[in-house]
Amino acid sequence: MLSRNTGFARTMLRQVCRPDREYPHDRVNSLYFDSVDLDQYERSAAGEFKKDKVRIRWYGDSADGRGEIPVYVERKIREGYASSKQRQQFVVPAPRLELANLSSGILSKAELFDTLGGFGYFPEKPLKPIILISYQRYRFNEMQTGVRVSFDYDIKASVVAWELGKRDGEIRLQGSVIEVKGPRLELPVTLRRMRLLDTDWSRFSKYGSCLNAYFTEPGSLARFSPSGRMVEI
């Protein structure tokens, strides 16, 4: 679900959900990989039934540039509305996570493709780092069913594949994203009431939306708004 009114949406969630006990809040950082011709982005935009995304994810702020930080190579698989994820942990020096160094990919190509091969995934085209997407995430569990719910806001992105053309240094998407992670498509009754925000539960891709914003002409009113139905409250 997409919401323009971040504060009201989070307040509604807190009335029907409990904060996650282990990881209630942190910053999520994801470096997304794609082919030079953005094959995965185009598949997502075309609404293909089966899609794969490859990213390296880490948590918190690594701006101090010291020590070593755990990162996770992830393959996200989506078939229709169903999704699953494979991941493997590595530990890397913090300077590799600085924006200026992300075009190198954090891990070596051999490490990345050996890991993807271990997942049983062999992309048809070579992959390279495309965009860093970062956001604040609150994690909850719905009280009646225990379904996991995440609330993401302060979504910002920086393209690291400079051959795509340089525009703004950083992209920021307005509003927030509420994501439900459960074994069934049917929403818990309490979360259906979130329609009071006058917005729809639907599929949403931060990767696709951030690249859409990047490719939209500077100054456009639609540039920083995720695609979907949203309303001011």
May I ask you to say which residue of Ala161, Ala100, Ala157, Ala110 is aliphatic (A, V, I, L, M), over 30 Å from Gly7 (Cβ atoms), surrounded by 14 or more Cβ atoms within 10 Å (Cβ to Cβ) and at pLDDT 90 or above? Ala161
Report, by residue number, each residue of segment 25-41 that is touching a strand residue (DSSP E or B) at 6+ places or on another chain (Cβ under 6 Å) and surrounded by fewer than 16 Cβ atoms within 10 Å (Cβ to Cβ). His25, Asp26, Arg27
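Could you grab me the full set of residues in segment 59-86 that are modelled with pLDDT of 80 or more and closer than 22 Å to Asn101 by Cβ?
In the first step, residues of segment 59-86 are kept if they are modelled with pLDDT of 80 or more; the result is 59-61, 67-78, 84-86.
Selection gives Tyr59, Gly60, Asp61, Gly67, Glu68, Ile69, Pro70, Val71, Tyr72, Val73, Glu74.
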Can you tell which of Asp26, Asp61 is closer than 23 Å to Ser176 by Cβ and in a loop (DSSP other than H, G, I, E, B)? Asp61
Enumerate the strands (runs of 3 or more DSSP E) found wholly within segment 86-173, keeping only those where 3 or more residues are out of contact with any Cys (no Cβ under 7 Å at 6 or more places or on another chain). 128-142, 148-159
So the check is Cβ under 6 Å with 6+ separation or different chains; which pairs have a first residue in segment 183-194 that's in a loop (DSSP other than H, G, I, E, B) and a second one that's among the hydroxyl-bearing types (Ser, Thr, Tyr) and at pLDDT below 70? Leu185/Tyr81
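The values are calculated or read from the model by the stated rules, or taken from the named source; none is laboratory data. Values in this document were obtained by computation on a predicted structure and should not be read as measured data. Methodologically, a virtual Cβ is constructed for each residue, glycine included, from the backbone with ideal geometry; neighbour enumeration extends over all protein chains shown.
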